[in-house]
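*Asks:* Pasting a structure here, questions to come.
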Amino acid sequence: MNTVKVLAPAKLNLALDVVGLLPNGYHDLDMIMQTVDLYETIILRKSQELTLTLPGSRVPAGENNTATKAALAFFHYTGLLAGVNMEIRKTVPVRAGMAGGSADAAGVLVGLNALYDARLSMSELCALGAGIGADVPFALMGGTCRVRGVGDLIKALPPMPDCWLVVVMPSFGISTPEAFARYDQLGSTIHPDCEAQERAIRAGDLGGICAAFGNALEECSGAVETPHIRQLLDEAGALASSMTGSGAAVFGIFDQEEKAASARAALKLEYRQVYLVRPCKGGARVLPPLYRGKGKR
Ligand code: ATP
């Protein structure tokens, strides 16, 4: 096998709370995260060199790219004297709070594991991923999870009930470190009840999940369009709406496909990047050989 193709899903935060500061200065978080069917496509080819291309994307392909970091961490850990040509077709908006960079790192790790038959366990991959970015372990696990600490304490939950999610990415992205710096200055009046949301997920209660929606970074993110986007989503019939991660993407949750489709159409009148997605199970995954040659998803 000389080539593998990986699909790596984006995530949304159904809830994000900042519950304190850790001794190392990082924020102690309590979150409910959900992967959705908006995917990065990652193609890896065996090579003696290490190269990365991101066709059509402005994200730099240098040594700070999470995909390059993941490949270097993999080869360092396994001791393999090999390389890889990586091609990433980015679909997930950048600086959105949807963990596109983390999805890329997770995709490279699972892809290299398969390409070189390295047989690293999920916990080894998660340990490598945690060294690259806080959201990478979740990007490997995927599905519906309660995530705490700095993203390192992950508890898998049952899949959330079926629903439709309309995600709107405004024209300006948000820098995660800057959002946390502003949180330290301003604090938040929003503190979602993650415990209640976990109970609602376990009970399959979509209304209860929505009642516990919220993001402690929303007020301080600096994403000026959030209230307006939320208003449009709410007017279009969203059961709840919120910013995801440290922003800037905002999403609404719908219990009917038709309502979600008309919300997407309404938001499209004002915003270029609008996505209608659904929750998905699992994290970054290698496609079986049968599908590798087939077209885009
Ligand atoms: P998170 O929810 O994990 O904070 P995000 O959506 O806010 O994710 P990303 O889009 O994943 O943020 O990454 C933001 C920054 O990281 C960008 O400024 C970009 O230059 C840098 N970066 C490095 N590697 C990547 C990558 N593979 N894809 C996207 N951004 C990357």
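*Asks:* Return the pairs, sorted by first residue and then second, in which the second residue is surrounded by 14 or more Cβ atoms within 10 Å (Cβ to Cβ), the first residue lies in region 43-56 and is modelled with pLDDT under 95, the beta carbons are less than 8 Å apart, and the residues are 6+ apart or on different chains.
*Replies:* Filtered contacts from region 43-56: Q48/A82; Q48/G83.
*Asks:* Checking the structure you have, find out if any residue of region 172-182 is more than 16 Å from the ligand (Cβ to nearest atom), surrounded by fewer than 17 Cβ atoms within 10 Å (Cβ to Cβ), outside the structural domain of A103 (by TED's automatic domain parsing) and among the acidic types (D, E).
*Replies:* Within region 172-182 (the criterion being more than 16 Å from the ligand (Cβ to nearest atom), surrounded by fewer than 17 Cβ atoms within 10 Å (Cβ to Cβ), outside the structural domain of A103 (by TED's automatic domain parsing) and among the acidic types (D, E)), the answer is no, since none of the residues qualifies.
*Asks:* Go through region 120-172 residue by residue and tally those that are under 15 Å from the mean Cα position of the chain (by Cα) and of a type in the set (S, T, N, Q).
*Replies:* Of the residues in that region, 1 qualify.
*Asks:* For V150, only one of the following conditions fails: (1) β-branched (V, I, T); (2) modelled with pLDDT of 95 or more; (3) in the same structural domain as V19 (by TED's automatic domain parsing). What is its number?
*Replies:* So V150 meets the others, but not (2).
*Asks:* What is the residue count in region 75-90 for residues that are in contact with a helix residue (DSSP H, G or I) (Cβ under 8 Å, 6 or more places away or on another chain) and within 15 Å of the ligand (Cβ to nearest atom)?
*Replies:* 4
*Asks:* For the subset of region 120-171 comprising residues that are in contact (Cβ under 8 Å) with a residue 24 or more places away in the chain and of a type in the set (D, E), which member is farthest from the ligand (Cβ to nearest atom)?
*Replies:* Applying the filter and picking the extreme gives D162.
*Asks:* Hey, another quick one. In this structure, is F251 more than 30 Å from I42 (Cα to Cα), surrounded by 20 or more Cβ atoms within 10 Å (Cβ to Cβ) and touching a residue at least 60 places away in the same chain (Cβ under 8 Å)?
*Replies:* Spelling it out, it is not the case that F251 is more than 30 Å from I42 (Cα to Cα), surrounded by 20 or more Cβ atoms within 10 Å (Cβ to Cβ) and touching a residue at least 60 places away in the same chain (Cβ under 8 Å).
*Asks:* Could you identify the single residue in E218, E270, E235 that is modelled with pLDDT of 95 or more, buried (at least 22 other Cβ atoms within 10 Å of the Cβ) and of a type in the set (D, E, K, R)?
*Replies:* Of the residues listed, the single one that is modelled with pLDDT of 95 or more, buried (at least 22 other Cβ atoms within 10 Å of the Cβ) and of a type in the set (D, E, K, R) is E218.
*Asks:* List every residue pair whose Cβ atoms sit under 7 Å apart, with the two residues 6 or more apart in sequence or on different chains, where the first one lies in region 176-196 and is under 11 Å from F213 (Cα atoms) and the second, anywhere, is among the basic types (K, R).
*Replies:* The qualifying pairs are C194/R146.
*Asks:* Another question, if that's okay. Can you go through A240, A212, A284, A266 and tell me which one is small (G, A, S) and in contact with a Pro (Cβ under 6 Å, 6 or more places away or on another chain)?
*Replies:* A212
*Asks:* How about region 73-109: which of its residues are within 30 Å of I32 (Cα to Cα) and assigned to a loop (DSSP other than H, G, I, E, B)?
*Replies:* Listed by number, the residues that qualify are K90, T91, V92, P93, V94, R95, A96, G97, M98, A99.
*Asks:* Out of region 2-42, which residues are at pLDDT below 95 and either crowded, with 24+ Cβ neighbours inside 10 Å or closer than 24 Å to L81 by Cβ (or both)?
*Replies:* N2
*Asks:* Sticking with this structure for a sec: Identify, please: which residue in region 43-71 is more than 22 Å from A82 (Cα to Cα) and either small (G, A, S) or more than 8 Å from the ligand (Cβ to nearest atom) (or both) and is, among those, surrounded by the most Cβ atoms within 10 Å (Cβ to Cβ)?
*Replies:* That would be S57.
The values are calculated or read from the model by the stated rules, or taken from the named source; none is laboratory data. Because the structure is a prediction, the values reported are computed rather than measured. For neighbour counting, all protein chains shown are included, and Cβ atoms are generated from backbone atoms with ideal geometry for every residue, glycine included.
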